1. May I ask you to derive the FRET efficiency for B:A65 and A:T86 from their Cβ-Cβ distance with R0 = 51 Å, giving the value to the nearest 0.05?
2. Would you calculate, for chain B, the mean residue ellipticity at 222 nm contributed by helices, counting each DSSP H stretch of 4 or more residues as -39,500 (n - 2.57) and dividing by all residues, to the nearest 500?
3. Using amide H atoms built in the peptide plane, which far-off residues or other-chain residues are under 5 Å from B:L92 H to H?
4. Give me the accessible area per residue for chain B, probe 1.4 Å, as a whole number in Å².
5. Going by accessible area, probe 1.4 Å, with all protein chains left in place, what is the ranking of A:R94, A:R50, largest first?
6. HN-Hα J couplings of region A:8-23 from phi, Karplus 6.51/-1.76/1.60, θ = phi - 60°, integer Hz, Gly and Pro as x?
7. Under 1.5 on a/c is rounded, so check that first for region A:70-141, then, if it is not, pick prolate when a/b is larger than b/c and oblate when it is not; a ≥ b ≥ c are the square roots of the alpha carbon gyration tensor eigenvalues.
8. Please give the solvent-accessible surface of B:R105 in Å², to the nearest 10, using a probe radius of 1.4 Å with every protein chain present.
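The values are calculated or read from the model by the stated rules, or taken from the named source; none is laboratory data. Treat the numbers as computed from the prediction; the structure is a model and nothing was measured. No Cβ is skipped: glycine too gets one built from the backbone with ideal geometry, and neighbour counts run over all protein chains shown. Keep in mind that these areas ignore ligands, DNA and RNA; they rest on the heavy atoms of the full protein, side chains included. Shrake-Rupley method; radii C 1.70, N 1.55, O 1.52, S 1.80 Å.
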2 protein chains.
Amino acid sequence: MPASKTALDPARLTAAVERLFSVLRHGNPPNDISLTAASTLRRLEREGPRRLTELAAAEGVTQPAMTQLAQRLERDGLAERTTDATDGRVVLVRVTQAGRDLLARRRAVRAEHLTALLRDLTPEDEALIAAALPALERLAP
Amino acid sequence: MPASKTALDPARLTAAVERLFSVLRHGNPPNDISLTAASTLRRLEREGPRRLTELAAAEGVTQPAMTQLAQRLERDGLAERTTDATDGRVVLVRVTQAGRDLLARRRAVRAEHLTALLRDLTPEDEALIAAALPALERLAP
DNA sequence: TATTGTTATACTCTATAACTATA
DNA sequence: TATAGTTATAGAGTATAACAATA
């Protein structure tokens, strides 16, 4: 049974993703950090210490924006900035334990919120989403 | 065959939605309006003219924030503000044709971007996502 | 001279507190 | 007095342009 006619409407999927994101976002803890801040911390946790330029490119922001974000993260104790021993120009950013703790707390809150949403769904709907999850992950790796 | 064990990991779904949203967002047209601005315009298009207080509550921002957003939208020609005839305190906001045009353009760009992403997916993956789409819509109505 | 990062400046977007106008 | 909205002020977050330090 070839899936030649999938009838997946991009506009509909886009709208669903946006609404889902919005719902998840409103379930955030108060005084939550920004999207870019969270994404940068996650990246540092996942990939280890990284350079400013590298982070700016990866997060799709300018170098000055990343400079300031790193300064805020450092001020809030979520990340540290060190200089590279072999190249005096380079600034390395790394996540602190407090940063890791914040990410863990954030994940727990969001998971709880999503779990509450899932309770209103039928087991069939939940199974369909579970089945599509790997495909969604491949769509945005 | 009851779906009692769906094994849907909330953290994984949250992460997938966030990454997907981020990817979709980076495919936005340059000088794109903000999340709240877009959401507010969509609401006005969908529900018709609304009051400031109502919009602020619906979008999850404060009244002053919505006042300023409405002023920016008006300045940019995307919305209009009128006073209610029966209650002099009330400000009604409505989307303009330029606002509708912008929403349509935005949808087209995003759909194109998503379509490009979908080209890298197998038909099976696309079918799985298509099958889960109604469930995702029910998850965040 | 090229690369890495910072500083200067300006704008959007948001919040809280204080205010004005209408009911 | 209560409600609807605005203004004042402060801070996060972003961009571009100009700058400093290192290679």
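1. 0.60
2. The helix contribution divided over chain B gives -21000 deg cm²/dmol.
3. Counting only residues 5 or more places away or on other chains, the set is B:T82, B:T83, B:D84.
4. Value returned for chain B: 55 Å² of accessible area per residue.
5. The ranking, largest first, comes out as A:R94, A:R50.
6. Going residue by residue, I get 8, 7, x, 4, 5, 5, 4, 4, 5, 5, 5, 5, 4, 4, 4, 5 Hz, with x marking Gly and Pro.
7. Taking the square roots of the gyration eigenvalues as a ≥ b ≥ c, region A:70-141 is oblate.
8. Rounded to the nearest 10, the figure is 140 Å².
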